[in-house]
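Engineer: Just passing along the structure, written as structure tokens.
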Amino acid sequence: WSFVIQTRFPSVLEEYDRYIKRAHDRGIITIMPVISPGLERDWSLFERERTDPPELRLRLIEKWSRSGIPVGVNGEPFIPGFHTDDDFENTLKLLKKYGVTRYNTYNFHFNAFVARRLNDIGVDIEKIWFHNRDKQWKRILSRLLDLAKKYDIILGCPDFVNSGLSWVEKANTCCGVDVPNPCTFNTHHFKKCLQQGKSSSEIFDLTYDGTGDIEMGKAIIEGSTTEFYTLKDLK
């Protein structure tokens, strides 16, 4: 089995050098430190400076990258209304400095527990709630995707279709693993329609907006391909 090590303590990996090299010889390891877009500010506020500092995490994985081990960085989450475009761009610049070309982001899971914790540490949760809604997040995500493209960094896990952009990454780097993006359809809508018992043609009538390859979309619904997972693989 291949696996990914995601950690805020890459310094601990120094103790396991020989095991990491052995896994790399078998082609089954990726190393992925977690660095959110606020860098030192996030480190101080959210991690209470109890973990490896953000830039140290990059310095520590640089040697793994130079030895050929696949590396990426998990940047989840980008917090709308807290993190800014400048935060994100500064993080991308730092990644490029250390040769990292894969970064991960995602929409903010803003539930009651998270809101309470953020409020307790003095973060403006009303501002976050406003910018985390679909209409505002769509515009923010579009800018983040454009910034990643500007710095030639593959951005993992974005909702490409809802971002409103006309391009899509060739690969998604969710969890540090490059996975080809088969199309630009929003398969979440496909799944809901399928669960409601609708046919392939009905699903297309309800969801297709002219983006993406039609045959690929049909293959995702009908399970007529083995090149990637389809809705027929859902149990």
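The values are calculated or read from the model by the stated rules, or taken from the named source; none is laboratory data. It should be emphasised that the depicted structure is a prediction, and the values quoted were computed from it without experimental measurement. Counting neighbours? That spans all protein chains shown, and the Cβs are built from the backbone with ideal geometry, glycine included. SASA here: full protein model, heavy atoms, side chains in, ligands and nucleic acids out. Shrake-Rupley method; radii C 1.70, N 1.55, O 1.52, S 1.80 Å.
Engineer: What number of residues in the stretch 54-79 are open to solvent by 10 Å² or more (accessible area, probe 1.4 Å) and either over 21 Å from residue 123 (Cα atoms) or touching a Gly at 6+ places or on another chain (Cβ under 7 Å) (or both)?
Structural biologist: Total meeting the criteria: 13.
Engineer: Right, another one. Name, by its number, the condition in (1) at pLDDT below 70; (2) surrounded by fewer than 18 Cβ atoms within 10 Å (Cβ to Cβ); (3) within 21 Å of the chain's Cα centre (by Cα) that does not hold for residue 151.
Structural biologist: In the conditions (1) at pLDDT below 70; (2) surrounded by fewer than 18 Cβ atoms within 10 Å (Cβ to Cβ); (3) within 21 Å of the chain's Cα centre (by Cα), residue 151 misses (1) alone.
Engineer: Now for a separate question. If you scan the stretch 25-44, which residues turn out to be among the charged types (D, E, K, R) and in a loop (DSSP other than H, G, I, E, B)? Before the answer, list the steps.
Structural biologist: Start the filter on the stretch 25-44 by keeping residues that are among the charged types (D, E, K, R), which leaves 25-26, 40-42.
The answer is 26, and nothing else.
Engineer: If I ask for residues that are β-branched (Val, Ile, Thr) and in a helix (DSSP H, G or I), which ones from the stretch 98-144 would you list? I'd like the intermediate steps shown before the answer.
Structural biologist: Kept after step one, since they are β-branched (Val, Ile, Thr), are these residues of the stretch 98-144: 100-101, 105, 114, 121, 123, 125, 128, 140.
Matches in the stretch 98-144: 114, 125, 128, 140.
Engineer: Scanning for something assigned to a loop (DSSP other than H, G, I, E, B) and either hydroxyl-bearing (Ser, Thr, Tyr) or touching a helix residue (DSSP H, G or I) at 6+ places or on another chain (Cβ under 6 Å) (or both), does the stretch 58-69 turn up at least one residue?
Structural biologist: Of the stretch 58-69, the ones assigned to a loop (DSSP other than H, G, I, E, B) are 67-69.
Add one more test, that the residue is either hydroxyl-bearing (Ser, Thr, Tyr) or touching a helix residue (DSSP H, G or I) at 6+ places or on another chain (Cβ under 6 Å) (or both), and what stays is 67, 69.
Yes: one or more hits.
Engineer: Something else: Return the residues of the stretch 80-97 that are open to solvent by 30 Å² or more (accessible area, probe 1.4 Å) and in a loop (DSSP other than H, G, I, E, B); say none if nothing qualifies.
Structural biologist: Hits for the stretch 80-97 are 82, 84.
Engineer: For residues that are open to solvent by less than 50 Å² (accessible area, probe 1.4 Å) and in contact (Cβ under 8 Å) with a residue 60 or more places away in the chain, scanning just the stretch 98-122, find the one that is nearest to residue 82 (Cα to Cα).
Structural biologist: Here the answer is 105.
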